[in-house]
Amino acid sequence: MRDRLFTIMEDNGVEYEDNVLVTEIDSIQYMSLMVEIEEEFEIEFPDMFLGENIFENFDRLCEIVFGLVGEVA
Amino acid sequence: MGYKLSKYLYEDEKEGYVFLYNTYKVDMLKIKKPLFEAIKENLSDIKENPENPVIAKLIEKRYLVEDSVNEDREGDLMYLKTCHSNKQLLLTILPTEGCNFRCEYCYEEHKQNKMSEETQEALIKFVRKNLKYYGGLSVSWFGGEPLLYPEIIEHLSEEFKKICKNFKKPYTAIMTTNGYLLDYDMFCRMKKCNVTNYQITIDGPAEVHDKQRFLAGGQPTYDKIISNLTDIKEKEKSKFYTFSLRTNLTVQSAKAYPKLAQFLKDNFFVDGRFTPRVRIAWNGTNDADYEKNIISDISSIFGEGSSLEQTQENLQKSMYGITDENALRKNFNEIMFAHYPCYAAKANSFIFGPDGRLFKCTVHFDDSKDGVAGYLKPDGHLEVNDTIDAKWITQMTAKDKGKCYDCKAYPLCQGVGCPYKMSVRGRRDDECEAKVAEIISTFRVFSSNEKICADVEEMLA
């Protein structure tokens, strides 16, 4: 699952160095990524994550997504 | 070293405070008048990294700038970053100029055309050839009514997604639609095309909307649009599909606006995915007097006020007072950023008609002199008329530029705003004055909210 998530980010040109985001993500791209992850993993991000830049750290992103899917990262 | 007040500030005084409206940072704050006066008197003594936290905050938020800063050049730089960026390839695509509506104020000719397969393939080749120069692809579906031909949107989206995936670049899409054909099934089809934002117009309660926005055969459209939106709101759980509900103000829709606003607030704006957008209805000309007359005609509906500035303020108070506090910041930003240069002024923005003609502006398709800036060839090569293109994507003449440098709103419109008005047709003082009045009134309306306009000392607490 981590690979699937990484592929989504990579296909959208989002890059990480040592798990830290090095790409600038604008608001439209943010929406688009959130939607793609929701579709891919059949999840819905609850309000608590809306104010947070969940893409900032890849480990944190995995933790959130897998938490919503119900799996351990 | 010494500091000075940024030249891009409007100052307003109310209840013992000075309100500072910052057009460079699109920000505002208030400061007790005696404190502000004391700071102003000693600007030349301020050193780098000042100990006074209020002064440090004013520097951090760019209310104070170093004496040596040439703010004109920084304004120019903003223009270059906005209009000559290669961050994204911005395409506006018209699958058709045809429409199932015949809105009473519409400027389009409703040509019953459809993008041919040859043009679609040329468009795909154009993207394949050019995407490498940009950071990503962003498509805006427009028309006519784009949903008359969803199969074109699906075909092009599929190809664009493949190209973006190969280049490892993001693909995003938005759509302007009348909403009549956007039932939940269609919405799901568009989800697969990455469309995440829609602009849909509702001009009033049914009795007003249906007089302004009706089908080609004259039939009403309000109930169907509201039913579609309600259905999507209830069935779609993701928070990342958003809807700007636009109202075009005419005298009759302005009169009914309070009723519509209450309905939209109760039924849609309670859901953060839906936000209001209110504009003066287009009348097919670029007559500044037309806008002034409408504002004057509707001013009594929104409260008395003799000056243009006061009328704008009354109008905005009524329009934007309908949203809850959480939506205020978003609304404020959206309104202020609407003063930034239009996509028509951007070198990375291309509008393609159904026949492959290149437009710069979605309003001036049919301007016989400057409307068409080029043609897309079957091999994906774009033949551009530089004489016309230059009028859209460069700033105005040096003579007018001097006036921009004297204007506190320069970082917002960046000497461009609407390039048709500022450059293609030519700048008019009265239009700039009206724009400035609108900007100041927006700051004033939102300044009453502490979340947007805080006391600088309380920010430090």
**Report entry** Calculated FRET value between B:ASN130 and B:TYR184, using beta carbons and R₀ = 25 Å, to 0.05
**Finding:** 0.10
Report summary line: In the neighbourhood of B:LEU43 defined by beta carbon distances under 14 Å, the net charge of the other residues (Lys, Arg +1; Asp, Glu -1) is -2
Report task. Taking 7 Å along the Cα-to-C-beta vector as the label spot, tell me the B:LYS111-A:ASP3 distance in nanometres, rounded to one decimal. Result -> 5.1
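Quick check: residue separation of B:THR242 and B:LYS192 times 0.36 nm, minus the Cα distance between them. What number comes out in nm?
Working: separation 50, 0.36 × 50 = 18.00 nm, distance 1.52 nm.
Answer, rounded to one decimal: 16.5 nm.
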**Report entry** Extension gain from B:MET459 to B:GLU60, taking 0.36 nm per residue of separation minus the Cα-Cα distance
**Finding:** 142.4 nm
Query raised in the report: Counting Lys +1, Arg +1, Asp -1, Glu -1, what net charge surrounds B:ALA390 among other residues with beta carbon under 14 Å of its beta carbon?
Result: +1
Query raised in the report: Rounded to the nearest 5, what % of the DSSP beta bridges within chain B are antiparallel ones?
Result: 45
Query - For segment B:1-67 and segment B:418-450, distance of Cα centres in Å - result: 23
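Could you check what % of the DSSP bridge pairs in the protein assembly as shown are antiparallel, to the nearest 5?
Taking every DSSP beta bridge within the protein assembly as shown, about 45 percent pair in antiparallel fashion.
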Query raised in the report: What residues of segment B:134-183 lose no less than 40 Å² of accessible area with every protein chain in place versus their chain by itself (probe 1.4 Å, heavy atoms only)?
Result: B:LYS165, B:LYS168, B:PRO170, B:THR172
Query - Relative contact order (%) - criterion: Cα under 8 Å, at least six apart; region: chain B - result: 19
Query - Solvent-accessible area buried by pairing B with A, both sides, nearest 100 square angstrom, 1.4 angstrom probe - result: 1700
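What is segment A:2-69's relative contact order, in percent, from Cα pairs under 8 angstrom and six or more apart in sequence?
It rounds to 34 percent for segment A:2-69.
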Requested in this report: Can you pull the one-decimal nm distance between simple spin-label points at B:GLU383 and B:GLU433, each 7 Å off the Cα toward Cβ?
Outcome: 4.6
Query - segment B:69-100 and segment B:137-205: distance between their alpha carbon centers, rounded to Å - result: 20
**Report entry** Å² of accessible area per residue within the protein assembly as shown, as computed with a 1.4 Å probe and no ligands counted
**Finding:** 44
Query raised in the report: Taking only DSSP H segments of four or more residues, each worth -39500 (n - 2.57), what value at 222 nm results for the protein assembly as shown once the sum is divided by all its residues, to the nearest 500 deg cm²/dmol?
Result: -13000 deg cm²/dmol
**Report entry** Under 17 Å from the A:GLU15 label point (7 Å along Cα→beta-carbon), backbone N, segment B:79-121
**Finding:** B:86-88
Report summary line: Counting Lys and Arg as +1 and Asp and Glu as -1 over every other residue whose Cβ sits under 15 Å from the Cβ of B:PRO378, the net charge comes to -1
Report task. Quote the charge dipole size of chain B about the Cα centre in Debye, to the nearest 20; the model charges only the Cβ of Lys and Arg (+1) and of Asp and Glu (-1). Result -> 1300
Query raised in the report: For B:GLU51 and B:LYS162 in the same chain, what is the full-extension length gain: residue separation times 0.36 nm, less their Cα-Cα distance, in nm?
Result: 34.5 nm
Report summary line: Simple spin-label estimate for B:LYS255/B:ALA338, 7 Å along Cα→Cβ, in nm, reads 2.3
Query raised in the report: For the cross-link pairs B:LYS111/B:LYS265; B:LYS192/B:LYS360; B:LYS237/B:LYS259; B:LYS7/B:LYS451, which exceed 30 Å when the distance is taken from alpha carbon to alpha carbon?
Result: B:LYS111/B:LYS265
Report summary line: For the protein assembly as shown, the accessible surface attributable to carbon and sulfur atoms (probe 1.4 angstrom, ligands and nucleic acids excluded) amounts in percent to 49
Report summary line: By the Cα gyration tensor axes a ≥ b ≥ c (a/c under 1.5 gives rounded; else a/b larger than b/c gives prolate, otherwise oblate), the shape of segment B:202-278 is oblate
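The values are calculated or read from the model by the stated rules, or taken from the named source; none is laboratory data. Every value quoted in this text rests on a predicted model; they were computed, and no experiment measured them. Every residue, glycine as well, gets a Cβ built from its backbone with ideal geometry; the counts of neighbours run over all protein chains shown. Note: accessible area is taken over every heavy atom of the protein model, side chains too, but ligands, DNA and RNA are not part of it. Shrake-Rupley method; radii C 1.70, N 1.55, O 1.52, S 1.80 Å.
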